[in-house]
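Notes follow the structure.
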Amino acid sequence: MGFVVRTINSKNKETVQILIKINQQYHDGNSTTVRCTPGAVFEGEVEVYLTHPLDVEYLRLIFRGVEVVNYGVMGRSTKGDTGTLFGVRTTLSLSQTLDPGYHRFPFLCQMPMVNFPHTFKHGLLDTSYTFTATINDKYKTEQPFEIKFEPHIATSPYAKIHTYTYNRDEFHITLLTGLNYQQRRDHFIRIKVVQKSQQEKESSSLTTLITGTTTTISASLKRYLTFDGVSIRPETLSISSPSIPSDCASSSSSILSRPDIEQEDDGEILEIKIPYAAPLPSVTESSRFSAIYKVCVHVKVRCGPMIMLTRKLFEVPIHFGTMPHGTHIPDGLLSYTDDAVAKDMTTRAKPRLDLSSESRGDSLNADVLPVYTESRPPPYYPELSPIPSAFRHNRIDTYQI
């Protein structure tokens, strides 16, 4: 899919339509979303539709990446920070007259092995990667075609899930699914809450915060965002479903339930559903923006016939990555926050735009004559003397692309 821009010349009633497409094999399933990672290569085309002949001086394709903080909303000056990550372009057509009808201009894009920031839309931040096309700087796309970029962020060095148990006041709290989760692959956070025995309560050195009767235990997933050093109110992304006995946990529909997680017969299981589209991975490297996730467990305490208090019992940071559990970061991966990467204008640190293999193949076939006619192949002479080097050199230059 792409975006159509229709430009109409009211005097001559000329119409120009520009459509940017990315080939279907690079889409996320059957959706129109195109995702890419460091080092990815994908192909597409710019399709131009004309109702009248048009003299084209050049058709350019531009690919931009930005990470822009909305300083105006924050009451700050921009400090000269444009937020530009990269801006590359290529010319798909030069000095030709296009006839009425459809014209296709295939292209290829190769991302460098650089961890650019994750695509993210927020009122205070816009991180986006967009394609636009222009003909003679007169006909331009009004709405760009957006690519979803996902950096390589390690999830966990271990392929096996490690559980974590914490002692908090009157409870043992165990994160059955661990502290590390893969974005868009792990769907649930499972927490086991076991109330301590009376003997454990008496021997505990912790000060008991809960003095009433606990009626409900709940958990939530929260996201803490910081923009240029300014923190905003935490967002609650998801709240746990009603607690279930741990002896029923094996029949739960949790996608993250695994045979290596041992189940006990006491306590309750809290399940937090991870929103599929909401969480971006944990962000700690950017100088403009950070995203941290925490799991919070709360209890409701009845302090009287009409009084209910909610208190935070437990809070622990968790990590979201983009790579499978047990997978390490590829060698040679660069970070966009490095000064050397920001100053490097080569394709080592910036995307490369080029004509696609399909376009280059068409040009080659148009320029090269057939080797021989099908009706009469040339005779074969095994003892033929070699071609002089000078003549051979000229022949190579003739067919060089």
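Summing +1 for each Lys or Arg and -1 for each Asp or Glu, what net charge is found among the other residues whose Cβ lies under 15 Å from the Cβ of Gln183?
Taking every Cβ under 15 Å from that of Gln183, the sum is +3.
Please go through the residue pairs Lys121/Lys343; Lys273/Lys294; Lys192/Lys273 and name each one whose alpha carbons sit more than 23 Å apart in this structure.
Beyond 23 Å: Lys121/Lys343.
Using the Karplus curve 6.51 cos²θ - 1.76 cosθ + 1.60 with θ = phi - 60°, work out ³J(HN,Hα) for each residue of the range 291-304 in order, rounded to whole Hz, and write x for Gly and Pro.
9, 10, 10, 9, 9, 10, 10, 10, 10, 9, 10, 8, 9, x
Return the FRET efficiency for the residue pair Thr165, Ala340: r is the Cβ-Cβ distance, R0 is 41 Å, and the value is rounded to the nearest 0.05.
0.40
Take Asp55 and Thr216, extend 7 Å from each Cα along the Cα→Cβ direction, and tell me the distance between the two endpoints in nm.
Distance between label points: 7.4 nm.
For the range 63-153, just say rounded, prolate or oblate: build the C-alpha gyration tensor, square-root its eigenvalues into a ≥ b ≥ c, call rounded for a/c under 1.5, and beyond that prolate if a/b exceeds b/c, oblate if not.
Note, shape of the range 63-153 comes out prolate.
Bear in mind these aren't lab numbers, they're just calculated from the coordinates by the rules spelled out. Small disclaimer: the values here were computed from a predicted structure and weren't measured. Cβ atoms come from the backbone with ideal geometry, glycine included; neighbour counts cover every protein chain shown.
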